[in-house]
Amino acid sequence: MPDVFVEETKVLPKEKPKQQPPTPIIKPSPKRSLWHRIKQPLMAYMANPVDMHFESQEEKEEICLLLRRHPITNMPWIVGALVMLFAPLAVFPILSFLNPLPDLTARYQLIFTLFWYTITFSVVLVNYLEWYFNVYFVTNQRIIDVDFNNLVHRELSSTRVAKIQDVTYKVNGVIRSIIDYGDVFIQTAGTEENFIFEAVPQPQEVVKQIGELIEKKEESAPAEAQGV
Amino acid sequence: MTFDNTLQNMIGISPFFILKLFILLGLMMYLAFALVVVRQIQLMSNVVGGGGQYGIKLMTLIHLAAILLIFVLALLTL
């Protein structure tokens, strides 16, 4: 007979072990000095950057090189911005002397001045963003070219290191030779598009790094083919 | 007779009102441009991410705030 005075022991269902969340691709950035944080957005050549990532980065893909155009290529718009910055100091007194619109109050002059300096800030900001986001990545798997031509147009191209056939660089001109920046040409196999890293610093070092990556890929290709 | 009075007699509208209208229209378009910049930086930060993103986003927000301030100033004072 069943014992009515003893509660039946209930067998609770086993809790399923909680699945660990997948490890994020983005590694936590180590503590960097304030100076490094300030100069990082201005750097055009970064070897093994630990706190950078890009959109289609694969799980075991690590960035070996991050490249941008040499900062000296920004001189034209920097000079233009400096001219715009100091233009009101020269132009406005002349306009006040000529007085083309005698009834224009000081409020309009204030608005025009503020508007002018905001336009100057916009010119600097847009040109800087164009330089900052036009970036080349060399990873242990691929070569990536991110193009940010204007505010509404962006393009990302990539190719596998194994498909690279030839890498050369060119340094033309006195300024490029003195400051050491040039173009790196990457030829890929077959119908793949070729890549050009324009005006990057230390192009000989870039070619060397890519050559080493190609060698590593060729050495590891037989092992990968055997499934090791 | 002053310049604005002359024009007002000719077209019936104060020229400074027309000037204010054009200034505000221009500032509205500029404001839209600043919003596009903020949005595009958000999108590009997903494409190319890194430690310098916070400073860039701050600059774009300062840019937007400056234009908004000028727009409000023009609306109220002109």
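Coordinate-derived values only; no laboratory data. Computed from a predicted structure; not experimentally measured. Using ideal geometry, Cβ is built from the backbone for each residue, glycine included, and neighbour counts are taken over all protein chains shown.
Results, tabulated for the structure shown:
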| quantity | calculated |
| --- | --- |
| At R0 = 22 Å, FRET efficiency that the Cβ-Cβ distance of A:W77 and A:L110 yields, to 0.05 | 0.25 |
| Given A:K39/A:K60; A:K60/A:K216; A:K163/A:K216; A:K60/A:K170, the pairs whose alpha carbons are separated by over 20 Å | A:K39/A:K60; A:K60/A:K170 |
| Estimated [θ] at 222 nm from DSSP helical runs (n ≥ 4, -39500 (n - 2.57)) normalised by residues in chain B, nearest 500 | -30000 deg cm²/dmol |
| Pair-distance profile P(r), taking every C-alpha pair of the range B:20-77, with 10 angstrom steps and integer % | 24, 42, 23, 11, 1 |
| Projected label distance in nm at A:N140 and A:V174, using a 7 Å step from Cα toward the beta-carbon | 4.5 |
| Cβ-Cβ FRET estimate between B:K57 and A:I94, R0 fixed at 30 Å, reported to 0.05 | 0.20 |
| Size of the range A:76-128 as Cα extents on the principal axes (Å, biggest first) | 39, 18, 12 |
| Efficiency of FRET between B:L75 and A:L85 - r from beta-carbon atoms, R0 35 angstrom, step 0.05 | 0.85 |
| Contour minus Cα-Cα distance for A:D183 and A:N149 (0.36 nm per residue) | 10.4 nm |
